[in-house]
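Data block below; observations after.
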Amino acid sequence: TFRGHTTMIQKVIISPDGKKIATSSNEEFAKLWDVGSGACLYTFLDHEACDFSPDGRILLTSSRSGYVNLLDSTLGKCIMSFTGPSIVVWSAGFSPDGRLIAATCSTSSSMNVKIW
């Protein structure tokens with residue numbers, strides 16, 4: 001059992017090697033967990049939806065602040081952030097080959113999918 005969120009968990013994803021789990025919740029933060037010990041390795045504030053790159057080295061998170069973040073899943077450090085012409089990024093994910101990122105974004109007048 002992994003404990004640490006205080007509101008509904010929106011997403012849970014297991015790394016390709018099965019050693020880590022990423023969770024995101026309505027609290028507007030994501031957590032990275034060690035499967036073997038159940039320990040929380042990192043908590044990322046203002047991060048929500050999450051996905052692992054196909055090789056598991058990068059954790060992708062998005063936020064209602066309009067950012068998509070690429071985080072080193074070993075060090076917990078931000079590698080790169082993307083922003084779009086949006087107010088909110090609702091979800092994001094990697095393509096199967098890891099070369100593209102797609103995100104659902106909204107502005108005050110429309111919903112869009114942004115590709116990087």
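Look at Ser53 and say whether it is closer than 15 Å to Gly93 by Cβ and out of contact with any helix residue (DSSP H, G or I) (no Cβ under 7 Å at 6 or more places or on another chain).
On the way: closer than 15 Å to Gly93 by Cβ: yes; out of contact with any helix residue (DSSP H, G or I) (no Cβ under 7 Å at 6 or more places or on another chain): yes.
Yes: the conditions hold for Ser53.
Out of the strands (runs of 3 or more DSSP E) lying entirely within the stretch 62-116, which hold 1 or more residues that are more than 21 Å from Ile13 (Cα to Cα), over 14 Å from the mean Cα position of the chain (by Cα) and without any contact (Cβ under 8 Å) to a residue 12 or more places away in the chain?
Details: elements: 67-72, 78-83, 88-94, 101-106, 111-115.
Of the strands (runs of 3 or more DSSP E) lying wholly inside the stretch 62-116, those with at least 1 residues that are more than 21 Å from Ile13 (Cα to Cα), over 14 Å from the mean Cα position of the chain (by Cα) and without any contact (Cβ under 8 Å) to a residue 12 or more places away in the chain span 111-115.
Report, by residue number, each residue of the stretch 41-50 that is of a type in the set (Asp, Glu) and open to solvent by 20 Å² or more (accessible area, probe 1.4 Å).
Applying the first criterion (of a type in the set (Asp, Glu)) to the stretch 41-50 yields 46, 48.
Within the stretch 41-50, Asp46 is the sole residue that qualifies.
Within the stretch 13-28, does at least one residue satisfy the condition of being small (Gly, Ala, Ser), open to solvent by less than 50 Å² (accessible area, probe 1.4 Å) and out of contact with any strand residue (DSSP E or B) (no Cβ under 6 Å at 6 or more places or on another chain)?
Just the residues of the stretch 13-28 that are small (Gly, Ala, Ser), to begin with: 15, 18, 22, 24-25.
Those left that are additionally open to solvent by less than 50 Å² (accessible area, probe 1.4 Å): 15, 18, 22, 24-25.
Right, trim to out of contact with any strand residue (DSSP E or B) (no Cβ under 6 Å at 6 or more places or on another chain) and you get 18.
Within the stretch 13-28, one or more residues are small (Gly, Ala, Ser), open to solvent by less than 50 Å² (accessible area, probe 1.4 Å) and out of contact with any strand residue (DSSP E or B) (no Cβ under 6 Å at 6 or more places or on another chain).
Does any residue of the stretch 68-79 turn out to be among the β-branched types (Val, Ile, Thr) and either in contact with a Phe, Trp or Tyr (Cβ under 7 Å, 6 or more places away or on another chain) or open to solvent by less than 60 Å² (accessible area, probe 1.4 Å) (or both)?
Taking the stretch 68-79 first, the residues among the β-branched types (Val, Ile, Thr) are 68, 74, 79.
Remaining after also requiring either in contact with a Phe, Trp or Tyr (Cβ under 7 Å, 6 or more places away or on another chain) or open to solvent by less than 60 Å² (accessible area, probe 1.4 Å) (or both): 68.
Yes.
Select, from Gly56, Gly4, Gly38, the only residue that is open to solvent by less than 30 Å² (accessible area, probe 1.4 Å), farther than 17 Å from Leu75 by Cα, in a loop (DSSP other than H, G, I, E, B) and not acidic (Asp, Glu). Please lay out each step first, then the result.
Details: Gly56 fails: farther than 17 Å from Leu75 by Cα; Gly4 fails: open to solvent by less than 30 Å² (accessible area, probe 1.4 Å).
That would be Gly38, the only listed residue that is open to solvent by less than 30 Å² (accessible area, probe 1.4 Å), farther than 17 Å from Leu75 by Cα, in a loop (DSSP other than H, G, I, E, B) and not acidic (Asp, Glu).
Limited to the stretch 8-34, what total is found for residues that are at pLDDT 95 or above and part of a loop (DSSP other than H, G, I, E, B)?
Residues that pass the stated criteria total 5.
Answer yes or no as to whether Ser53 is among the hydroxyl-bearing types (Ser, Thr, Tyr) and over 15 Å from the mean Cα position of the chain (by Cα). Spell out how you get there, then give the answer.
Details: among the hydroxyl-bearing types (Ser, Thr, Tyr): yes; over 15 Å from the mean Cα position of the chain (by Cα): no.
So Ser53 fails the test.
Write out, first by first residue and then by second, each pair whose Cβ atoms fall under 6 Å of each other, whose residues are 6+ apart or on separate chains, and whose first residue, in the stretch 34-61, is farther than 19 Å from Cys105 by Cα while the second is open to solvent by 60 Å² or more (accessible area, probe 1.4 Å) and of a type outside the set (A, V, I, L, M).
Val35/Lys19; Gly38/Phe2; Gly56/Pro16; Gly56/Asp17
The values are calculated or read from the model by the stated rules, or taken from the named source; none is laboratory data. These numbers come from a predicted model, not from an experiment. All Cβ positions, glycine included, derive from the backbone under ideal geometry; neighbour counts span all protein chains shown. Surface accessibility is based on the protein's heavy atoms, side chains included, excluding ligands, DNA and RNA. Shrake-Rupley method; radii C 1.70, N 1.55, O 1.52, S 1.80 Å.
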